[in-house]
């Protein structure tokens, strides 16, 4: 069984909470501890490995 919108709806609820805090407080400071860090996101996505792969690809293209 697939629940394709479950994650989307959870993210929407989280985003709503963030925007409500920003609207009420004028800052995101209260919700920062709930946020995923950029480094955690990059680690999960394998971002740095992909970036290195692109760097190698473009270096090879530039050498031609």
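Find the helices (runs of 4 or more DSSP H) located wholly in the chain whose residues include 2 or more that are at positive phi, and list them.
Working: elements: 6-25, 38-45, 47-63.
In the chain, no matching helices (runs of 4 or more DSSP H) lie anywhere.
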- prompt: Name the residues in segment 37-64 that are surrounded by 10 or more Cβ atoms within 10 Å (Cβ to Cβ) and closer than 28 Å to residue 15 by Cβ, would you?
  reply: 39, 40, 41, 42, 43, 45, 46, 47, 48, 50, 51
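The numbers here are math on the coordinates, done by the rules we state, and not lab data. Computed from a prediction, not measured in an experiment: that's the story for all the values here. Don't worry about glycine lacking a Cβ; one is built from the backbone with ideal geometry, like all the others, and counts go over all protein chains shown.
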